[in-house]
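Presented below is the structure to which this report refers.
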Amino acid sequence: MLRTHTCNQLRLEHEGHEVTLAGWVNRRRDHGGLIFIDLRDRWGLTQIVFDPDLNAETHELASTLRNEYVIQVIGRVRPRPQGQKNPALGTGDIEVEGQTLKILNKAKTPPFDVNKETVVDEGLRLRYRYLDLRRQRLKSNIMLRHDVVRYIRNFLADEGFVEIETPILFKTTPEGARDYLVPSRVHPGRFYALPQSPQQLKQLIMVAGYDRYFQIARCFRDEDQRGDRQPEFTQLDLEMSFVDRDDVMGLIERLMIGIVENNTGRQILYKPFPRLNYREAMERFGRDNPDIRFGLELADISSLAAKSGFKVFSDTVAAGGLVKGLNAKGLGHYSRKQIDELTDFVKEFGAKGLAWLVVETGDGGQGTGASRSSFGKFLSPEETTAIISQLQGEPGDLLLFVADQPAITHESLGRLRVELGQRLRLYDENVLAFCWVIDFPFLVWNAEENRWDPSHHLFTAPMDEDIPLLDTDPGQARGKQYDLVLNGYEIAGGSIRIHQRDLQERVFGLIGLEIEEAKQQFGHMVEAFEYGTPPHGGIAPGIDRIVMLLAGEPNIREVIAFPKSQSAADLMAGAPTTVTEQQLKELHIKLDLE
Ligand code: ASP
């Protein structure tokens, strides 16, 4: 070994020991003849002192050191002089007298500070990712990710799960996104698809009898890179046989609590995790991934609105829409400009406008003079009072309303709720609020294609009691699926699967998949299901998102060692690249770039 200790190992008890350390120059300071080096490795920092009286030659060499040089130092450990201890550092009580110094490698001046958490353009960080990974922020994220994954592996192994790898070169998988395709050289004109998830394979592993499977699986989806999406991401993929919904949810709940409590100092707000059914989540929070760290729930004023003199409201309700509102507590002082900004915000989510009302007096809004409002002149004083009281409005509150078709009312107000939750600091950043959402609709109507789509995926089972509805009123049937939500992000989705061939074929039929077509795409599944398939179900928590939320990061790129940019490019390696004519020829591919 080129070192005897790491840079976070030496303590007072090592006083007098001769040690060898190796690492990067984090910082050099020259002080009245002494040269101080903070030597860094991934474990931490150790202060080295070069004293001209101890070894003039070494001191001379030390004066040539620059940040990020890789060096090896041999020297004796000594306590730092009084007043120079650094309690923030594990090694802050000691320093090493540098007797011998070897420069193992020089370094160019890095394009950004490695030793400081300065704000650096993300493009530059991605271009020099290996330098960014040396910095404290990414280092702690990568270490947290390692701890989480290791915890998962140990936990599941202890629960009798078997880790099994599944192929990356496979066939199109039904998660609903676009596939990444890989042309086959050996089979001209044919393509593999990179798995959007190991969904089919994990179900086949159940058919094979390995009743508890998991994998830390890479998934590939060719989607537009909105927000925290990446073309490739990592799931804990998991499947179990002879289970029902509660078994899978119970296991994941114990796992999540274990991850948080053993690897972070974060607080979990509710244990056990609350369960909301889909309808309740939509009604109260406007979204199926509710952030339950705070209240600010949506109030349905449709029945008041239906009878009101405000035509925008009454017409919306008459047309089957919903009028809902939020009470932005204490924001009554918002200027017109600020309210206009909120209006623009909801418009992004399809709302036509935002009706507003400021509660101005302490009398509960009695009388027309009691509130300022964008629509007050259309309402009677009694109507205004009734609306204020339904939203529990108090003086100084700003009440905000959207009137639209249910999907738009929910989406726009649900998003506005999250935005206001942030602005009003309605929650403690350190708190983690998990909840389950269950009882999703089994199918969603695809108006463009005039058919039903599975709301989760093709293999999810309907609720037993709702199977008759598949013939009479498919839209009312609920599926055996469950989503786990953390602080407003969906972090896992899964379901109990269909395990009988006849039900599977009925579902194929409902979603307009001809049985022949289904056989072509999923023939191996249909066939396998005839050889004794156990009842089974599973789930797939997203590792990147979970670590992102535990690390308090705004984006999954911060917890992935080598992420792609927003435009799905690797800025460090320069991928994707063009390839040679010869490579294309071997693959029987001609480009058509017009
Ligand atoms: N394959 C699903 C997904 O990736 C998860 C599951 O149903 O287990 O979302």
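Some values worked out for this structure:
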quantity: Relative packing of 579-587, 341-349, 295-303, which averages over residues the other C-beta atoms within 10 Å, highest first; calculated: 295-303, 341-349, 579-587
quantity: Assigned charges on the beta-carbon of Lys, Arg, Asp, Glu; the range 173-229 dipole about Cα centre (debye); calculated: 180
quantity: Centroid-to-centroid separation of the range 62-82 and the range 308-356 [C-alpha atoms, Å]; calculated: 63
quantity: Protection proxy ranking of 196-204, 148-156, 566-574 - average other beta-carbon atoms within 10 Å, highest first; calculated: 196-204, 148-156, 566-574
quantity: Sparse-neighbourhood loop sites, chymotrypsin sites (Phe, Trp or Tyr not before Pro) in the range 199-287 - DSSP loop, at most 16 other Cβ within 10 angstrom; calculated: 210, 242, 270
quantity: Spread of Cα-to-Cα distances over 5 Å intervals beginning at zero, given as percent, for the range 68-127; calculated: 4, 13, 14, 15, 17, 18, 10, 6, 2
quantity: Simple Cβ-charge dipole of the range 208-315, Lys/Arg +1 and Asp/Glu -1, about Cα centre, in debye nearest 20; calculated: 380
quantity: On Cα atoms only, tilt of 515-528 relative to the major axis of the chain in degrees; calculated: 60
quantity: Three semi-axes of the equivalent ellipsoid, the chain, Cα gyration tensor, whole Å, largest first; calculated: 51, 37, 23
quantity: Between helix 406-423 and the chain: long-axis angle, C-alpha atoms, 0 to 90°, nearest 10; calculated: 40
quantity: The range 154-213: projected area of the alpha-carbon convex hull, averaged over directions, in nm²; calculated: 5.4
quantity: Within the chain, percent of DSSP bridges classed antiparallel, to nearest 5; calculated: 90
quantity: Positive-pole candidate from 536, 354, 437, dipole of the chain, charges at beta carbon; calculated: 354
quantity: Filtered GluC sites (Glu not before Pro), the range 105-188: DSSP coil and at most 10 other beta carbons within 10 Å; calculated: 117, 165
quantity: Unit charges on C-beta of K, R, D, E only; dipole of the chain, Debye; calculated: 1860
quantity: DSSP-assigned coil residues among GluC sites (Glu not before Pro) in the range 475-559, each with at most 12 further Cβ atoms within 10 Å; calculated: 514, 530
quantity: Distance violations [Cα-Cα > 32 Å] among 271/564; 85/139; 85/564; 307/329; calculated: 271/564; 85/564
quantity: Qualifying aspartates and glutamates (Cα of each under 18 Å from Cα of residue 377; at least 8 residues distant if same chain); calculated: 315, 360
quantity: Reachable aspartates and glutamates from residue 585, criterion Cα separation under 20 angstrom, eight or more residues apart if same chain; calculated: 594
quantity: Angle between the chain longest axis and helix 381-390 axis [Cα atoms, degrees, rounded to 10]; calculated: 50
quantity: Helix-only mean residue ellipticity at 222 nm for the chain, each DSSP H run of n ≥ 4 adding -39500 (n - 2.57), per residue, nearest 500; calculated: -8500 deg cm²/dmol
quantity: Potential extension, residue 428-residue 407 segment - 0.36 nm per residue separation minus Cα distance; calculated: 4.6 nm
quantity: Residue (of 554, 292, 231) at the positive-pole extreme of the chain, dipole from beta-carbon charges; calculated: 554
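None of the figures in this text is laboratory data; all of them are computed from the coordinates on show. All of these numbers come straight from a predicted model, not from anything done at the bench. Ideal geometry is used to build each Cβ from the backbone, glycine not excepted, and the neighbour counts take in all protein chains shown.
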